[in-house]
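Derivation of every value follows stated rules applied to the coordinates shown; laboratory data play no part. Computed from a predicted model, the values in this text were never measured in an experiment. Backbone-built Cβ (ideal geometry, glycine too); neighbour counts: all protein chains shown.
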Amino acid sequence: MTYPVNMDVKPEVSAHFDEATNTISYIVKDPGSTHCAIIDSVMDIDYAAGRITYDHADALIAEVKERGLTVDWIIETHVHADHLSAAPYLQDALGGKIGVGEKIMVVQETFGKIFNEGTEFQRDGSQFDALFKDGDTYMVGGLQGFAMYTPGHTPACMVHVMGNAAFVGDTLFMPDGGSARADFPGGDAGQLYDSIQKVLTLPDEMRLFMCHDYGPNDRAIQWETTVAEEKAHNIHVGGSKTREEFIKFRTERDAQLAMPKLIIPSLQVNMRAGEVPKDKDGKPMLKVPVNGI
């Protein structure tokens with residue numbers, strides 16, 4: 001597939017770091033207009049208390065309004081397992097279409113079974129306004145974006161490229177952070193390696209924006225690097241590391257990792273485009289499948 005890369009266009013990118021989940025959300029502005037996209041938003045949850053709040057999303061809303069921006073898209077790079085999306089809350093306040101990769105249907109089918117969802121839970125992606133296929137393009141004002149299909153971490157992962165900026169979700173971390181795990185249901189280390197190599201075929205100067213950073217070795221939190229830096233220095237795939245070496249490392253490493261603290265609520269909410277599920281009486285309610293994941 002040939003992608004419509006345009007390195008001459010330089011969107012304005014504003015990053016918002018969520019300390020509770022180590023997630024970075026982005027406001028991406030068309031340099032030629034006041035239109036923007038929001039990528040990988042966060043809804044706050046105190047899981048122990050069963051309480052949802054919106055401080056992180058409110059900060060995004062405040063910036064959009066202060067800058068007089070128009071939101072065209074609210075994009076999820078994938079169905080996150082470590083934080084809850086605030087997409088519907090943002091849409092209610094700012095408008096815009098909610099988009100995700102078309103393979104969301106695979107995720108919905110997998111986790112619909114795990115969470116014992118009934119027939120009322122649609123597994124066709126209809127909770128989202130748009131389902132992106134590999135190579136699909138869309139507009140943010142006059143800025144053209146496109147989606148790259150990058151499975152491996154999950155079956156529905158997409159990298160979104162706008163001008164000289166690419167938003168990689170969990171496909172890659174900063175060079176000293178390596179790559180994301182591939183052991184969730186539907187994940188695959190070999191696919192992840194192939195997807196990373198696909199991302200690294202973008203121009204060396206392409207700016208890469210991470211969805212997460214954990215500040216390894218006590219360094220300050222970072223979220224922006226380049227294709228060239230990843231190719232040269234990524235500790236998991238940089239240099240001459242082979243697919244076989246990566247699969248062996250990733251498989252052994254993933255076996256040592258604990259489940260994300262928010263995986264249970266995150267999957268239930270995010271496969272619904274950020275809506276909290278409701279019980280038979282219409283009250284917001286989350287399930288805990290015992291020995292299910």
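With each label modelled as a point 7 angstrom along the Cα→C-beta vector, the GLU275-ASN217 pair spans 4.7 nm. Work out the charge dipole of the chain with +1 on the Cβ of Lys and Arg and -1 on the Cβ of Asp and Glu about the Cα centre, then indicate which of GLN256, SER179, GLN144 is farthest towards its positive end. Towards the positive end, the residue furthest out is GLN256. For region 97-170, rounded, prolate or oblate, judged on the Cα gyration tensor with a ≥ b ≥ c (square roots of eigenvalues), a/c < 1.5 rounded, else prolate if a/b > b/c? The shape class here is prolate. Cross-chain or 8 or more residues apart, Cα under 15 Å: how many lysine pairs in region 12-270 fit that? Count them up, please. Within region 12-270, the lysine pair count is 5.
Normalising the average separation of contacting C-alpha pairs (under 8 angstrom, six or more residues apart) by the number of residues puts the relative contact order of region 231-293 at 16 percent. Charge dipole of the chain (Cα centre as origin; +1 on each Lys and Arg Cβ, -1 on each Asp and Glu Cβ, all else neutral): 460 debye, rounded to the nearest 20.
Size descriptor for region 15-135, Kirkwood hydrodynamic radius: 15.4 Å (Cα pairs only, one decimal).
Considering only DSSP beta bridges where both residues belong to the chain, give the percentage that are antiparallel (nearest 5). Before the final figure, lay out each step's value.
Values: 32 of 46 bridges.
The answer is about 70 percent antiparallel.
The mean of 1/r over all distinct Cα pairs in region 120-217, once inverted, gives the Kirkwood hydrodynamic radius of 14.5 Å. Label points 7 Å out from Cα along the Cβ direction at GLN197 and ILE263: separation in nm? Each label point lies 7 Å from its Cα, and together they span 2.8 nm. Computed over all pairs of different Cα atoms, the Kirkwood value for the hydrodynamic radius of region 1-82 is 14.2 Å.
Where does the chain land at 222 nm, in deg cm²/dmol rounded to the nearest 500, when only DSSP H runs of n ≥ 4 count, each adding -39500 (n - 2.57), divided by all residues? Numbers along the way, then the final one.
Details: 7 runs with 69 residues, N = 293.
The helix contribution divided over the chain gives -7000 deg cm²/dmol.
Taking every C-alpha pair closer than 8 Å and separated by at least 6 residues, the mean separation divided by the residue count of the chain gives a relative contact order of 18 percent.
For the chain, the mean projected area of the C-alpha convex hull, equal to one quarter of the hull surface, is 14.8 nm². Here region 1-46 is treated with +1 on each Lys and Arg Cβ and -1 on each Asp and Glu Cβ, and its dipole about the Cα centre works out to around 300 debye.
Check each of the trypsin sites (Lys or Arg not before Pro) in region 205-293 and keep only those in coil by DSSP with at most 10 other C-beta atoms within 10 angstrom; list them in order. Sparse-neighbourhood loop trypsin sites (Lys or Arg not before Pro): LYS280. If you wrap the tightest convex hull around every Cα atom of region 215-293 and split its volume per residue, you get 177 Å³.
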